[in-house]
Every structure is written in structure tokens, then in C-alpha cells.
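Everything on this sheet refers to the single structure shown next.
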Amino acid sequence: MNDIHSDGHDVVRPVVIDSPKRMLLLIPSAPDGEICWTLPTIPMRPGETSSRAATRHLRRVVHLPALRISPLIGRLSREDSSKGVQYVVVVRPAAESWPSAVRFAFAPEACWWTTAELRSTRALVEPAELLDFMDGYWDGWLPDGEISLE
């Protein structure tokens, strides 16, 4: 699944997680020849919430089974546009776990990572704030609601 850029509009960046293993699903990208691990970028429709946009895309386009969006939402400026905001939302399965082929729904190269693995390998991650955001989510020190990640 390639990033979709719609200049000047808000986007949502879903973090698909495996809670028991504290893992997140990331997609490799190499815009400058160097591998960077990233999240899908989904354009939001006018008046649409980040949770609704993520659910719409993940259920209708990616064909994921029933899912739950965390009430924690990270907010960042768009780096690829002078206008608009990107929202980071955490997505987990409504059932106990995702089907084993969930990563292939995103991209054949998608991989499950822990934040510790990403840090220890010094992997490039975009958005850069994602690792701290996910550690705060896993450890429960981020409050529910929308928070700035800048």
C-alpha cells in the first residue's frame, strides 16, 4: 500500500498493533534510497474524523476484519504539505488477534516490529515521533484523547 498524498488536507496514519506481543506493523519505504519504516497515509474526507477515516480505509480497502481504534490520537503537522494535519491512531483487532496474513493486506514487505527492535537496529522510522508515542501507549502514560506529538 503506497502512501497517498493529498496536498492541503488532513490525513490519518493507522498503527496496526499486536497488543500481546507489543508489536506494530510497518511498511518499508525508500524515497531517498535509504530504507525507512513507515505507516500508511490515508486522506481524510471533509468533516470525517481520523477514527472514521482509518476504519473506512482499513475495512473497505485493506479488508481487515472487525477492529477497534484507541481513543488516543496523536497529532502532527504534515511534512509533505504546508497545510493539513496528520493524525496517528492505534488500531487493534476486535477479536483476540489478527488473522496471520494481516501484514500481506498492507504490503508483501510489511513487517512486525517492537519499538525496542527499531531502536536497537537504529532503523529510520517515519514519523520520527512514532516510537515515543507507541511506548507511551504500551506503558499507559499517555492520556486518552488528542495529543500533540510535536
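The values are calculated or read from the model by the stated rules, or taken from the named source; none is laboratory data. Note that the structure is a prediction, hence the values are computed from the model and not measured. When we count neighbours, we look across all protein chains shown, and the Cβ atoms used for this are built from the backbone with ideal geometry, even at glycine. Protein only, heavy atoms only, side chains kept; ligands, DNA and RNA dropped before computing areas. Shrake-Rupley method; radii C 1.70, N 1.55, O 1.52, S 1.80 Å.
Structure above, values below:
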quantity: Under 5 Å, built H, 5+ apart or other chain: amide partners of L67; calculated: A94
quantity: Mean residue ellipticity (222 nm) of the chain, computed from DSSP H runs ≥ 4 via -39,500 (n - 2.57), nearest 500; calculated: -4500 deg cm²/dmol
quantity: For the chain, accessible area per residue (1.4 Å probe, heavy atoms of protein chains only), Å²; calculated: 52
quantity: Environment charge of P93, counting only residues whose C-beta is closer than 14 Å and scoring Lys/Arg +1, Asp/Glu -1; calculated: +3
quantity: Accessible carbon and sulfur surface of the chain relative to its total accessible area, %, 1.4 Å; calculated: 51
quantity: Among V91, V102, V12, residue whose mean-square fluctuation peaks in a GNM of the chain (springs only between Cα atoms under 10 Å); calculated: V102
